[in-house]
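Quick notes on the structure that follows.
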Amino acid sequence: MSRIVIVTQARTTSTRLPRKVLQRIQGRTLLEWHVERLKKCAPAAEVVVATTVNATDNEIIPIAEKVNVRWFRGSEDDVLSRYWGAAREARAEIVVRVTSDCPLWDPIEGAKVMDFLARNPQFDLVNNCESRTYPRGLDTEAFWMDVLERMQRMAPPAPTPEREHVTEMAYSSAPDLFVKQSISDSEDNSRFRWCVDTYDDFAMIEALVNCVGNPLAGYRELLACTKAHPEIARLNAHVEQKKV
């Protein structure tokens, strides 16, 4: 079995909701809940929190140590290099990209992406978000280490979209160079927004967690609660995703 490493990017200088990963629900930061979910993903051998070298992100390190995962520091603008360095240090063979603004990321649904790539090595990259059917916030991308190395070698210098968004080359600037596959949910739940970029996003996440009663509740339980209480989804239904 290939060594699968989940790398999650985390920083405190987000623009629309500064320090969003340090917001708290039931006494713990969103980053802690996020990482605890990543650690429950069976195919993954290790989880790495990839933050920046900026002093503003010093607070990220003790949180990673508290939840007992590896951390790596790199450039704020060159996130691609940060991923490459984190994955190389963790000896990844398959790299899984997630982001720390997804406190409800699901380990079972994420594992489906990893398992698909491991069983189908003819693909460079597998995701569950290009043809979106899952709520925004369960996004998972899995790719081979040599694919990450290819992106690192070919991407133009920062600041560029290819460096900021890690896998941008595979979708926009050089899609013909990568063989991709997107997997889907059993139904279209893409109308729901479960990531945190604004205060209204955080309010929705907090309301949904309180509705279920368990910050580590699974996707299907969270989905059932969302559908039973449509007022929760309305809390951030108006929020538009930032453009790449």
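Tell me which of 35, 145, 230 sits at the most positive position along the dipole axis of the chain, charges placed on C-beta atoms (Lys, Arg +1; Asp, Glu -1).
35
Count the net charge of all other residues whose Cβ sits under 14 Å from the Cβ of residue 72, scoring Lys and Arg as +1 and Asp and Glu as -1.
+1
What shape does segment 158-244 take by its C-alpha gyration tensor, where a ≥ b ≥ c are the square roots of the eigenvalues and a/c under 1.5 counts as rounded, a/b above b/c as prolate, and the rest as oblate?
prolate
Counting only other residues whose beta carbon sits under 11 Å from that of residue 197, what net charge do I get with K and R as +1, D and E as -1?
Numbers: positive: 16, 20, 136, 193, 242; negative: 101, 200, 201, 240.
Result for the local shell: +1.
If you take Rg and Dmax of the Cα atoms in Å from the coordinates, which of (1) 22.3, 75; (2) 16.9, 48; (3) 21.3, 72 do you get?
(2)
Roughly speaking, what is the centre-to-centre gap between segment 33-57 and segment 96-151 when only Cα atoms are used, to the nearest Å?
That distance is 15 Å.
Would you mind telling me which residue in 16, 193, 163 has the biggest mean-square fluctuation in a Gaussian network model of the chain, where springs connect alpha carbons within a distance under 10 angstrom?
Highest fluctuation of the listed residues: 16.
Bear in mind that the values in this text are calculations on the coordinates, not laboratory data. Quick caveat, the model's predicted, so the values are computed rather than measured. For neighbour counting, all protein chains shown are included, and Cβ atoms are generated from backbone atoms with ideal geometry for every residue, glycine included.
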